[in-house]
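Each value in this text was obtained by applying a stated rule to the coordinates, not by laboratory testing. What you are looking at is a predicted structure, and each value in this text was computed from that prediction instead of being measured. Because the Cβ atoms are built from the backbone with ideal geometry, glycine has one as well, and the counts that use them run over all protein chains shown.
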Amino acid sequence: MNTILRYSPLLLLLLAWEAITRFGLVSRQVLPDLATIGGAWLQLIAGGELAWHLAMSMARAFGGLALAILIGVPAGLIMAVSKPFRLALNPLVQMIYPIPKSALVPLMMIWLGLGSSSKVVLIFIGCLLPVIVSAYNGAKSVNPFLLWSAASLGASRRESLVEVLLPAAMPSVLTGIRTALGFAFILMVTSEFVIAKDGIGYLIAFLGDGGVYPSMFAAIFTVAAIGFFVDRAYSMLSGRLLRWTVT
Amino acid sequence: MRDASRSAISIENVQHSYVLRGGKEIIALQNISLDIQAEEFHALLGPSGCGKSTLLYLIGGFIPLQEGSIRTRSGEVTGPGLERGIVFQNFALFPWMTVKQNILYGLRKANFPRKEAEDRAREFIQLVHLTGFEDAFPSQLSGGMQQRAAIARTLAVDPEILLMDEPFGALDAQTRRIMQEELRAIQQRTKKTVVFVTHDVQEAVLLADRITIMSPRPGRISHLIEVGLERQSVEDMLAQPEFTAKSEHIWRLVKDMAESAMRGPA
């Protein structure tokens with residue numbers, strides 16, 4: 001029952017779409033009907049193009065995100081415990097924070113070329129900030145008595161960083177990573193739009209420019225669906241990791 | 001009177017002050033000297049703001065000592081140490097670990113072999129009556145059970161000194177009574193030196209061998225009282241006229257201080 005309710009807006013949207021195209025309210029050129037899009041989708045799959053472009057895009061998005069997590073989580077935690085580190089990094093964080101990261105697309109292209117590295121670095125920068133900030137905030141709000149308890153049980157400062165601060169900050173860190181995940185997808189598509197020779201963003205732009213709208217919609221739906229399922233999978237994983245927070 | 005070599009903690013001329021945001025200096029502890037004997041149950045009693053918790057944290061080595069010295073049998077206190085275990089009011093269990101994992105944490109740090117650590121964890125879980133809850137997360141337990149787990153975690157690594165910061169302050173009255181009884185039993189069995197911070201006069205008289213009464217602003221020792229009551233079950237103690245008289249006497253001392261503190265500095 002809940003599942004039906006949860007997906008009902010999506011169903012209504014698809015029904016409305018179908019109705020609009022059926023009754024010819026909008027030109028089929030611009031808004032193809034769902035069956036046509038489905039057909040185009042099958043063709044894209046059969047040709048193997050879709051899988052290839054998706055694989056490229058996913059590698060970039062998850063590569064950039066993984067780098068951001070690997071660097072951002074330790075940086076945020078250390079900022080919370082070390083004043084010199086915090087003072088040194090804060091201006092950088094505050095400077096990068098308000099920049100719309102998509103504005104950096106042309107710059108990245110000039111610096112790093114048209115291949116994957118410019119996209120990965122851009123996604124990395126975009127994801128880094130929410131990860132650092134969430135790790136920092138999570139670590140800052142940790143009950144100091146937990147750290148004292150660990151110290152009195154024999155944990156060194158470095159040990160308590162990994163064994164106490166990180167798990168205690170985990171709820172906040174996981175929320176930050178979820179935000180970063182969204183950024184990764186947006187920046188992936190945006191940067192591939194501008195200049196690329198592969199990737200799902202490139203494919204959407206290419207099909208759009210060529211006026212092959214059914215295939216373009218098929219590609220858009222695919223990336224939307226993947227984004228949706230990745231987010232659901234992530235939520236389930238977070239829930240498992242945070243089992244201890246539920247009473 | 002007391003044998004100096006039996007001293008477990010000696011505190012000499014400790015002073016401690018905080019600087020508030022506006023730059024105003026608050027003297028939290030002034031001129032504190034105190035000897036706590038081995039195997040003694042010592043209560044630090046006083047109204048809020050008297051610095052009793054600050055003193056406990058200094059003994060624990062959690063906040064740096066500014067002036068004076070604190071020594072245990074392991075030497076000068078310069079930071080947290082394994083010979084000084086602590087139990088906090090809000091339990092401070094690691095919420096992402098089960099009861100058993102919490103207790104194993106200290107045992108692993110102390111390099112107990114796996115099998116021995118497991119056995120020891122089981123033993124202490126039994127000691128605090130938590131058998132059957134080994135795999136529960138703290139959030140799934142009542143306050144009393146969480147505090148038992150925290151006590152087990154601290155006792156499992158066998159510290160010489162047990163520091164307790166209003167450990168039963170967050171519990172309901174019935175649970176508190178049960179925990180007091182159990183703590184006494186545990187202390188008599190394990191012969192730990194206990195430093196117990198509380199603002200509850202009855203609790204101090206019920207549990208302690210000696211009580212240091214502290215007064216606020218600046219935090220000072222105002223009285224050192226030998227309780228000298230016969231150890232009995234909690235019910236029997238409560239029924240003793242001597243217990244009531246002692247509590248009344250101490251209550252008046254604390255009340256006068258709290259009142260004068262409320263009126264502010266003269």
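Size estimate for region A:11-86 follows the Kirkwood approach: the inverse of mean 1/r over distinct Cα pairs works out to 16.7 Å. With a 10 Å cut-off around each Cβ of B:85-98, the average count of Cβ atoms from other chains is 5. Inter-label distance, B:T131 to A:L87: 5.7 nm, where each label sits 7 Å from its Cα along the C-beta direction. In region A:34-245, the inverse of the mean reciprocal separation of distinct Cα atoms equals 18.8 Å; this is its Kirkwood hydrodynamic radius. A Förster radius of 45 Å, combined with the Cβ-Cβ distance separating B:R6 from A:M236, puts the computed FRET efficiency at roughly 0.15. Dipole size of chain A about its Cα centre, with +1 on Lys/Arg Cβ and -1 on Asp/Glu Cβ: approximately 680 debye, rounded to the nearest 20. Using a 7 Å offset from Cα along Cα-Cβ at B:T78, what residues in region A:62-100 end up with backbone N under 18 Å from the label point? Within reach of a label on B:T78: no residues. The separation of region B:189-235 from region B:36-79, counted between C-alpha centres, amounts to 14 Å. Close Lys pairs in chain A, defined as Cα atoms under 23 Å apart and 8 or more places apart or on different chains, number 4. Overall, the anisotropy analysis places chain B in the prolate class: the square-rooted eigenvalues a ≥ b ≥ c of its C-alpha gyration tensor yield a/c not less than 1.5, with a/b exceeding b/c. Taken along its principal axes, the alpha carbon cloud of the protein assembly as shown reaches lengths of 100, 52, 50 Å, longest axis first. Computed from point charges on the beta carbon alone (+1 for Lys and Arg, -1 for Asp and Glu), the dipole magnitude for chain B about its Cα centre is near 580 Debye. Taking the Cα centre of the protein assembly as shown as origin and assigning +1 to Lys and Arg Cβ atoms and -1 to Asp and Glu Cβ atoms, the resulting dipole is close to 1020 debye. Across region A:1-158, the mean sequence separation of Cα contacts (distance under 8 Å, 6 or more residues apart), normalised by length, yields a relative contact order of 27 percent. Can you figure out the FRET efficiency of B:D158 with A:A16, using R₀ = 56 Å and their beta-carbon distance, to the nearest 0.05? The formula returns an efficiency of 0.20 here.
Please report the relative contact order for region A:34-245, taking Cα pairs under 8 Å with a sequence separation of at least 6, and give it as a percent rounded to a whole number. Before the final figure, lay out the partial values.
Values: 243 pairs, mean separation 60.9, N = 212.
In percent, rounded to a whole number, it is 29.
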